[in-house]
Each structure stands twice: as C-alpha cells, then as structure tokens.
1. Between ALA64 and VAL99, what is the label-to-label distance in nm when each label sits 7 Å out along the Cα-to-Cβ direction?
2. Hey, what number do you get for the chain at 222 nm if only DSSP H runs of n ≥ 4 count, each worth -39500 (n - 2.57), divided across all residues, to the nearest 500?
Amino acid sequence: MSVIDDLQSALAGEHAAVYGYGVIGGRLSGSKKAQALAGLNEHRSTRDQLSRLIVSRGAEPVPAEPSYVVDVSTGQQSQLVSTAIKIEDRLCVRYANLVLNTDQGARTLAIAQLQGCAVRSALWSKTAQAFPGLVEATPQP
C-alpha cells in the first residue's frame, strides 16, 4: 500500500472512532463518561491532523461515513467499555501498518497515535498488550 492509502485507512478509522466515542460517551456515566470525552477529543484532533497530512501530499481525505455500527445493545457500562477497547484496538492495527511506511511524517504520526491508542485501550481494559496493533499468530498444527 502507498503512504496515501495507509493514511486514508487511518483517517477512516479515526472517523469511526469519533462516531463510536460519541455514541458510547452519551451512554456512560461518571469518570468513564469523562474518559470517553477525552478519547473523543483526542480522536477528533488526530482526524484533523491526518486530513491535513493527506492534503499536504496532494490527495483528498476520505470522508466520514453517514453512520457506523456501534454495539450498545445492552446499554450496560461494561459493554460500552468493551466497545471503547475495540475502537482503540482496531486503530492500533491501522497505525501499526502505517508505521511500516517510509514516509517520515506519516511514521512519526503513526508511532504517536499507536502509543496513544494502546494507552487508551489499557486504561479502558486495565491490561496492556505486549505488542499493540500486531495480530497474534495462530499456532500451526
């Protein structure tokens, strides 16, 4: 994939994250609501950074979808937290892919965002992954 493709993928993920955090943030309460609001603001900022980076490379940023599927079927706080973890973990994969690119500006942003997503995921889940964004290998028989 080209750097533009990887940046567009990350931007599409940020669009989904902004939407997802908006949905779950409206349903969480207390400190978790504040944590979701902080995540929403961080993803908005990153979305805007990615858009500027894409434009600076002569491409048109991918637009947000009209809506995204966000699982809030039970409405329980634990399910909403699980959704936040999934949002961050999915973005870790996109940023891990972007880190592989040779474009220094894209890599710098990707490294910072991979770290940010991993930290947010760990804060939500109370556990940390050894290598966020890397899919675990399935043992071969």
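1. About 2.8 nm separates the two model spin labels.
2. Values: 4 runs with 95 residues, N = 141.
After summing the helix terms and dividing by residue count, I get -23500 deg cm²/dmol.
Just so you know, all these numbers are worked out from the coordinates, no wet-lab data involved. Not measured: the values here are computed from a predicted model. Because the Cβ atoms are built from the backbone with ideal geometry, glycine has one as well, and the counts that use them run over all protein chains shown.
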